[in-house]
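All remarks here apply to the structure that follows.
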Amino acid sequence: MQEIFSKLFNMTAFGAITYQTVIMWAIAFVLLYLGIKKKYEPLLLVPIGFGVLLANFPGAQMGIVDASLIEVGDGRYKNLFEIAHEYGILNFLYFSLIKTGFLPPIIFMGVGALTDFGPMLRNLRLAFFGAAAQIGIFTVLIGAILLGFNMNEAASLGIIGGADGPTAIYTTIKLAPHLLGPIAIAAYSYMALVPVIIPLIANMFISKKEFQINMREMDKKYPPKHQIKNMKAVKIIFPIALGTVVAIFVPSSVPLLGMLLFGNLVKEIGTSTSRLAEAATGPIMNTATIFLGLAVGATMTAEVFLTGKTIGIIVGGFIAFALSVTGGIFAVKTYNLFVTKKINPLVGATGLSAVPMASRVANEMALKHNPANHILQYCMASNISGVIGSAVAAGILISLV
Amino acid sequence: MEDILSNALSILVIGMITVILILGLVVVVGNVLIRLTNKFWPLPDGPVKKGNSSGAIPAGTMAAIVAAVDTVTGGRGKITKVEKK
């Protein structure tokens, strides 16, 4: 009788539950709570949270294993059938879709098909502030090295400052895949906290007078030199021309930026390619998001996640994010010193990715100070250029580190 | 450690210069495209002038009708005549 009970007990997972397992479950529940109840990036946090849960069910064989276990020597790896057979389906998904760097560019294609470059083309000079807001990425790279991270890990940590989930994941896969879980969590959490972080930084550095700079009034006072007489044609040629130019200068940014621009092109062409745009933004992007979220969550096993480095990533990620917002604000302030056509510094604060949430938050802040001051389209200009900027920054890190 | 830090510092400088350069190129490419399309493929600006017929359709309404037909017919349909009743 005792033997039967003993066999029954061994069949269950009770014997394998440790305090680390319970901590990881608690983390999974918090992520699920934030996604479901608080609606913080639910499309990503729910699959990631559930992935964490799956990975930490003892004996379920759903946690992602170290890459060294699938190496067979001479730079060769086990085939996908062997991986699925030995380590389960989430490892199959991870090593085929994530480790190969396949899913982030696919998601970028969908993002491109959802992006409208119109506001940026109407306010091209604002594109520069998408560059200034990348300063957090490179500054935290140095800070992380001082904290004891190696160069690859520091670069992956810094990219959180770009406020772009797929870019952060893509860079980490290339440079420090063992940190993928915490970096993805930090990136998406801070993106979800944009409505808290941007006002916090903006209120610290922007004066009341600067908050009230009315961009429309400025446009009326100093109208742009060139009106766009055929926006549709410009929007169609722009992704082709930009993709070609960027590919020559930073080829390593092409997987992300190329797919973003391709997605945008099929959207802008219109009805003749609308089915492609619908596929990119609908079934393909949704499927990619599910697999990406689950597989990234499954990388967060207790032994990988419960380390000092995770705390460093959480803190460092916040600093990178805050520095990027601050960099954008100060770039506008500096610009305003030399021109008569002033720019609202909130436009600089949106120079990171996180489209369109950053722009919406900045617009709401401007409206609080002046209910007639709508700056959304101006913020979108620097916000969209921030997407290009962070993809380029990722390319630079992948090439130079 | 010093080597790694100086390497990181050079990445900071090179990285920021490259990002600014690329976004500068975005501005240049955008401006060139706007000028080229304005010169070679401009669309008539402002509302279409009304003809002799008192039943002329405003340009905005016409654009909405064209877009609706384009979407519904998948780009295959053409508007040959619009009449007011």
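The values are calculated or read from the model by the stated rules, or taken from the named source; none is laboratory data. In this text, all values refer to a predicted model and were calculated from it rather than measured experimentally. Note that each Cβ is placed from the backbone with ideal geometry, even for glycine, and that neighbours are counted across all protein chains shown.
Yes/no per residue for (1) within 23 Å of residue B:32 (Cβ to Cβ); (2) of a type in the set (A, V, I, L, M, F, W, C):
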| position | (1), (2) |
| --- | --- |
| A:202 | no, yes |
| A:208 | no, no |
| A:219 | yes, no |
| A:225 | yes, no |
| A:231 | yes, yes |
| A:234 | yes, yes |
| A:238 | yes, yes |
| A:244 | yes, no |
| A:249 | yes, yes |
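Taken across the range A:171-191, residues that are under 21 Å from residue A:347 (Cα atoms), under 20 Å from the mean Cα position of the chain (by Cα) and at pLDDT below 95 do occur, with at least one present. Counting only residues that are surrounded by fewer than 16 Cβ atoms within 10 Å (Cβ to Cβ), without any contact (Cβ under 8 Å) to a residue 60 or more places away in the chain and on the phi < 0 side of the Ramachandran plot, the range A:43-79 holds 9 of them.
Quick one: is residue A:241 surrounded by fewer than 23 Cβ atoms within 10 Å (Cβ to Cβ) and hydrophobic (A, V, I, L, M, F, W, C)? So residue A:241 fits the description; yes.
Filtered by the rule that a residue be more than 8 Å from chain B (Cβ to nearest Cβ) and either within 13 Å of residue A:118 (Cβ to Cβ) or assigned to a helix (DSSP H, G or I) (or both), the range A:221-231 gives A:221, A:231. Among residues of the range B:9-20 that are at the interface with chain A (Cβ under 7 Å from one of its Cβ atoms), those with a Cβ under 9 angstrom from a residue that is among the hydroxyl-bearing types (Ser, Thr, Tyr), sequence gap 6+ or separate chain, pair up as B:12/A:139; B:19/A:390. Restricting A:187, A:176, A:144, A:155 to residues that are more than 14 Å from chain B (Cβ to nearest Cβ) and either touching a residue at least 60 places away in the same chain (Cβ under 8 Å) or buried (at least 24 other Cβ atoms within 10 Å of the Cβ) (or both) narrows the list to A:187.
Quick test for you: out of A:60, A:26, pick the one residue that is among the hydrophobic types (A, V, I, L, M, F, W, C) and part of a helix (DSSP H, G or I).
Selected residue: A:26, the only one of A:60, A:26 that is among the hydrophobic types (A, V, I, L, M, F, W, C) and part of a helix (DSSP H, G or I).
Would you be able to say whether some residue in the range A:196-205 is assigned to a helix (DSSP H, G or I), of a type outside the set (A, V, I, L, M, F, W, C) and in contact with a Ser or Thr (Cβ under 6 Å, 6 or more places away or on another chain)? Within the range A:196-205 (the criterion being assigned to a helix (DSSP H, G or I), of a type outside the set (A, V, I, L, M, F, W, C) and in contact with a Ser or Thr (Cβ under 6 Å, 6 or more places away or on another chain)), the answer is no, since none of the residues qualifies.
Taking the range A:345-366 only, how many residues are over 16 Å from the mean Cα position of the chain (by Cα), crowded, with 24+ Cβ neighbours inside 10 Å and within 27 Å of residue A:112 (Cβ to Cβ)? Working first, answer last.
Restricting attention to the range A:345-366, the residues satisfying the condition of being over 16 Å from the mean Cα position of the chain (by Cα) are A:345-349, A:360-366.
From what's left, crowded, with 24+ Cβ neighbours inside 10 Å: A:345-349, A:362, A:366.
Those left that are additionally within 27 Å of residue A:112 (Cβ to Cβ): A:346-349, A:362.
The qualifying residues number 5.
Within the range A:108-138, the residues that satisfy the criterion of being crowded, with 21+ Cβ neighbours inside 10 Å, at the interface with chain B (Cβ under 7 Å from one of its Cβ atoms) and part of a helix (DSSP H, G or I) are A:121, A:127, A:128, A:130, A:131, A:135, A:138.
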